[in-house]
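Reviewing the structure listed below.
The values are calculated or read from the model by the stated rules, or taken from the named source; none is laboratory data. Quantities reported herein were computed from a predicted structural model and do not represent experimental measurements. Reconstructed Cβ throughout: ideal geometry from the backbone, glycine too, with neighbour counts over all protein chains shown. The protein model used for the area step is the full one, side chains on, heavy atoms only, and it has no ligands, DNA or RNA in it. Shrake-Rupley method; radii C 1.70, N 1.55, O 1.52, S 1.80 Å.
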Amino acid sequence: MLSKIILQANIDKVAKCFEHADKIVIVSHVSPDGDAIGSSLGLLHFLETQGKDVHVIVPNAFPDFLKWMPGAKDIVRYDKYAEFADKLIAEAEVICCLDFNALNRIDAVATPVVKAQAKKILIDHHLNPEDFCQVVISHPEISSTSELVFRLICRMGCFEDITKEGAECIYTGMMTDTGGFTYNSNNQEIYFIISELLSKGIDKDEIYRKVFNTYSEDRLRLMGYVLYDRMQVYPQFRAALITLTRNEQNRFRCVKGDTEGFVNIPLQIKNICFSAFLREDTEKNMIKISLRSVGTFPCNKVAAEFFNGGGHLNASGGEYYGTMDEAVQLLKQALVKYEDLLLKS
């Protein structure tokens, strides 16, 4: 049995919203990851069993290794089909905001979402949600938004309506947001949920292969280059840093998702507890910051204090508007400031 994490009042409000709506839109954050896509499609498949007209809208492209997911081909990209997406959002009776806690996380999609008359529901696991939805299901202690979607469906008494396709999407979101269940995944209820998803007929081994073992040759060569030439280790801080410029990404014909997981690799080094990955964005003039840690080191504090970001204890991110050299210097300042915590972790 699962503990009742979500307030009953919120369960009732969501059930009422869904009951009285025919047209529902699901939106998720910019550069959608496995949890964003998994939770959105998992909810979509459930709502379709209820006879609803449902569309998923994301701000921009998502990685190729997620495009196998049932329903992924019908996801509407706002950067390509803004007019169509605007119409869907304007006509929606309910808008579900999944896996983000602030409107700036959905970029240009924020404008039509704010203007929409639809009831808005937030389902998310990031800290400090902004006040832009009528119903807020926010649980940072939960491993993924996909897990929250599963819990929500079950609490509404609809477990039987989770299809195999929906279960595949929910499992993918849970798996990717915990690094294949290697961090933020010690809650035993996660494994109860997995057993329930397996009862739907999913093949978790095949899902793992589709997500983690279907990369291109270019990605593997890029990884080799990154590890040999672009990784710096700071043993005195128990930390490591990877940097990657736009030119370097172009050299290896990098596509969306090719750098996924790079930030985790230095954590395989003995005694390293903190890893940072600084990558020049290929769409905007900024540097994307990815931070990971093991143990008790709070990389979300580093993200918030130095890179206008946030996230979870062991997995966080941010942005920096400036040069790569400046971003590296800022990261080094963070290492000095947090030296005591790094050495204790």
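Values computed for the structure shown
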| item | result |
| --- | --- |
| Net charge contributed by nearby residues that have their C-beta within less than 10 Å of Phe297 (K/R +1, D/E -1) | +4 |
| Cα centroid separation - the stretch 1-75 against the stretch 268-345, whole Å | 30 Å |
| Rounded tilt (10° steps) of 145-155 against the dominant C-alpha axis of the chain | 30 degrees |
| Extension gain, Asn250 back to Leu220 (0.36 nm per residue minus Cα-Cα distance, nm) | 9.4 nm |
| Centre separation in Å (Cα based) which lies between the stretch 183-200 and the stretch 232-249 | 34 Å |
| Percent of C-alpha pairs per 10 Å bin, the stretch 192-345, short to long | 10, 37, 32, 17, 4, 0 |
| GNM result for the chain, Cα springs below 10 Å: residue of Phe46, Phe262, Phe100 fluctuating most strongly | Phe262 |
| Semi-axis lengths (Å, descending) of the ellipsoid that matches the C-alpha gyration tensor of the chain | 33, 22, 20 |
| Theoretical FRET efficiency, 1/(1+(r/R0)^6), r = Cβ-Cβ of Asp53 and Met286, R0 30 Å, to 0.05 | 0.25 |
| Point-to-point label distance, Gln333-Asp229, nm (Cα→Cβ direction, 7 Å offset) | 3.0 nm |
| Heavy atoms of Thr176 accessible to a 1.4 Å probe, total area in Å² rounded to 10 | 30 Å² |
| Among 337-344, 120-127, 252-259, the order from most to least packed when residues are scored by Cβ within 10 Å on average | 120-127, 252-259, 337-344 |
| Full-extension gain in nm, Phe181 to Cys158, via 0.36 nm per residue minus C-alpha separation | 5.7 nm |
| Neighbourhood net charge (13 Å Cβ-Cβ; Lys/Arg +1, Asp/Glu -1) for Phe252 | +2 |
| Choice from Glu141, Glu248, Glu160 showing the highest fluctuation, given a GNM over the chain with Cα pairs closer than 10 Å | Glu160 |
| Distance (nanometres) between label positions extended 7 Å along Cα→Cβ at Phe192 and Thr323 | 5.5 nm |
| Within the accessible area of the stretch 77-235 (1.4 Å probe), percent carbon and sulfur | 48 percent |
| Proximal charge balance of Asp12 [Cβ under 12 Å; K/R count +1, D/E count -1] | +2 |
